[in-house]
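In what follows, a structure is listed as structure tokens, so that the remarks can point back to it.
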Amino acid sequence: FLSRQHLYNDFDSTDNLGRTSSLASFMAETATRIVDSCQSHNHKDSYRILEIGGGIGLLSIFVTEFLLQKGIKQVHYTHIDLPETSRFQHNLISDYCSGSESCASTKTLIHPSKPISFSLLDTSSELPNCDYDCIINVMSMCEMDDVNALKYVEYINRSCRLGGLVFFSNCYGMATNSICDVPDYPFSSFFRLLHAYLDSPTSSLQDEYS
């Protein structure tokens, strides 16, 4: 597995990062699509982002760095994940924010030299009540049962701001619930939905706008 230091040692060299590992390449490509879509519709100088089921947290590092490269002045990124996965997120993001200020009571990490902060919440926490400019879900809701999947759809519908972006992906053949296709999820029409069908972390992304 790619060492942590190589993952975020030089984000100005996107090509080098993208070719370092299939996981980094996949995350960099996904982050590029998310950031480009955010920037094409929203001319903001700060972003509040939520990711549901973010794995080890690698995508969030790419997204925040790419937004800063676009001139964004402030990014706050919230993760919601299973308790066991949140520990991995904390390890990777703590290393990325080496020397950061950490607030244990709110599970927040603040980068010491960049205008980036992360809130790392697990599913035992109460879902935060705030509006997000962008909400991301990459292949985690398809692994939930119907009740939990629909609970998060409802949360997305009330938490993504008007005109915001929801990036949502399913993986062919991996759904464990009865909601097999993106149009079957009852998403609101008040935000933009960018969805991608993924065969594997190394496959190309097939994007569709709703």
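Given H placed on each backbone N at 1.01 Å, which residues far from Val166 in sequence or on other chains put an amide H within less than 5 Å of it?
Correct list: Ile135, Arg192, Leu193, Leu194.
Of Lys44/Lys73; Lys44/Lys151; Lys73/Lys107, which ones are farther than 18 Å apart at the Cα?
From Lys44/Lys73; Lys44/Lys151; Lys73/Lys107, over 18 Å: Lys44/Lys151; Lys73/Lys107.
Provide the per-residue ³J(HN,Hα) series for segment 159-166, in order, calculated from phi with Karplus coefficients 6.51, -1.76, 1.60 and θ = phi - 60°, each as a whole number of Hz, with x at glycine and proline positions.
10, 7, 5, 4, x, x, 10, 10
Which order, highest average first, do 48-60, 133-145 follow once you tally other Cβ atoms within 10 Å for each residue and take the mean per peptide?
Going by the mean number of other Cβ atoms within 10 Å, highest first, we get 48-60, 133-145.
Please list, in chain and number order, the residues 5+ apart from Cys160 or on another chain whose amide H is under 5 Å from its amide H, with Hs placed from the backbone.
Under 5 Å from the amide H of Cys160: Tyr132.
Step through the residues of segment 23-31 one at a time and calculate ³J(HN,Hα) from phi using the Karplus curve (6.51 cos²θ - 1.76 cosθ + 1.60, θ = phi - 60°), rounding each to whole Hz and writing x for Gly and Pro.
Residue by residue, segment 23-31 yields 5, 4, 4, 4, 5, 5, 5, 5, 4 Hz.
Given the Cα-Cα distance of Asp45 and Ser22 and 0.36 nm per residue of separation, how much length would full extension add, in nm?
Result: 5.2 nm gained on full extension.
Read phi for every residue in segment 43-56 and hand back ³J(HN,Hα) as whole Hz from Karplus 6.51 cos²θ - 1.76 cosθ + 1.60, θ = phi - 60°, with x for Gly and Pro.
With coefficients 6.51, -1.76 and 1.60, one gets 9, 10, 9, 8, 9, 10, 10, 10, 10, 9, x, x, x, 6 Hz.
Read-outs throughout are calculated quantities, based only on the coordinates presented, and are distinct from any laboratory measurement. Keep in mind the model is a prediction, meaning the values are calculated, not measured. Note: ideal-geometry Cβ built from the backbone for every residue, glycine included; neighbour counts use all protein chains shown.
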